[in-house]
Amino acid sequence: MNITVTHKLATRLLEAGSEPVSGQQLADEFGVSRTAIWKHMKELEEMGYGIESVRKKGYRIQKSPDSLEAFLVQADLKTKKIGKRIEYMEQCASTQIVAHQLAQEGAPDGTVVIAELQTEGRGRLMRKWDSAKGQGIWMSIILRPDVPPHKAPQFTLVAAVAIVRAIQSVTGLEASIKWPNDILFGTKKATGILTELQSDADGIQALIIGIGVNVNQEREDFDAAVQDIATSLRLESGQPINRRELVQEILHFLEVYTELYIEKGFAPLKILWEGHSATIGKAIRARMSRETLEGIAEGITEDGVLQLRTADGKLHGIYSADIELK
Ligand code: BT5
């Protein structure tokens, strides 16, 4: 059986959504017999699809397998640029490493790397990122914006807004953002973002935005080290979540908000970000490499820098830190 035809058929049916497509029409479009179409449908069922055959009308997909293979994510993807190229892997050390390599080799703006399992998923400062197989979204996106390197941290905030909106659209859940890169439910972390940079004298060559979303883990699926501080969308909503839809929505909102950022600057995103923030107006402790400061988080600047007012009345600009809500 020709596997590419099977994939193309899946894409065709996914794009048709709830509208059945007749066996004859598919046979004509793909230049094969109706019997061959029927055999491809059986093949799809073996791959984990639920195919419904509607009398006199044709076939439609009721359920697709829980996989993030490129052709599945790309079927009915709403973006113009992000995700037009997707590198999908069953396993890798870290999608950041793969994306850095691809960016160096000239991969286009909007290239996405997705893995079902990361053996060396990483956070900031080379901390470990727990990436259970098939239960989360572990992906890195290569962007090539024409902005100076000091603007790179703003993309973490743009991505955070995009992810919160995507989670809301797919699950109805309202997450909040802890500056700079955590997405939380209450005090528990459901998502981390890691923005890395390739730059030279001409400016940014590539931004590599790493996104890790805990989607379908149960508590015992997390490493013991993070069981008490991590949560997943399934734990929050009480039901399994479709990862494919969530990836599509994240890519969609990321494109919408990066375009808004490029056209209008950070100001409109700052307003959106503050609307979802778990940090602003709160008493916090900011741990930096050299010192720890305590005070009230008053807001973020037009550059995305956190403004912390300490008890002596001084306002401090925080560029990078771990934040604890007090
Ligand atoms: C982050 O770092 O939160 C950024 C995480 C980025 C992960 C993505 S996955 C795709 C791409 N490929 C990669 O290799 N990385 C990116 P940071 O703020 O430093 O937080 C790290 C800390 O979060 C760890 O020290 C743990 O305490 C905690 N942690 C680790 N795994 C977690 C998980 N799955 N859920 C919640 N918290 C976790």
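The values are calculated or read from the model by the stated rules, or taken from the named source; none is laboratory data. From a predicted model like this one, the values you see are computed outputs, not experimental measurements. Counting neighbours? That spans all protein chains shown, and the Cβs are built from the backbone with ideal geometry, glycine included.
Scanning region 133-157 for residues that are modelled with pLDDT under 95 and of a type in the set (A, V, I, L, M, F, W, C) turns up 147, 152. Only one of the numbered conditions (1) part of a loop (DSSP other than H, G, I, E, B); (2) within 26 Å of the chain's Cα centre (by Cα); (3) hydrophobic (A, V, I, L, M, F, W, C) is violated by residue 32, and that is (2). Just the residues that are out of contact with any Ser or Thr (no Cβ under 9 Å at 6 or more places or on another chain), away from the ligand (no atom under 16 Å from the Cβ) and without any contact (Cβ under 8 Å) to a residue 60 or more places away in the chain, please, taken from region 65-117. Matches in region 65-117: 65, 69, 70, 105, 106, 108, 109.
Residues checked against (1) near the ligand (Cβ under 10 Å from one of its atoms); (2) touching a Phe, Trp or Tyr at 6+ places or on another chain (Cβ under 9 Å); (3) free of Cβ contacts under 8 Å to residues at least 40 places away in the same chain:
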| position | (1), (2), (3) |
| --- | --- |
| 124 | yes, no, no |
| 127 | yes, no, yes |
| 150 | no, no, no |
| 154 | no, yes, no |
| 157 | no, yes, no |
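Looking at 250, 271, 262, 229, just one residue is touching a residue at least 40 places away in the same chain (Cβ under 8 Å) and out of contact with any strand residue (DSSP E or B) (no Cβ under 9 Å at 6 or more places or on another chain), and that residue is 262.
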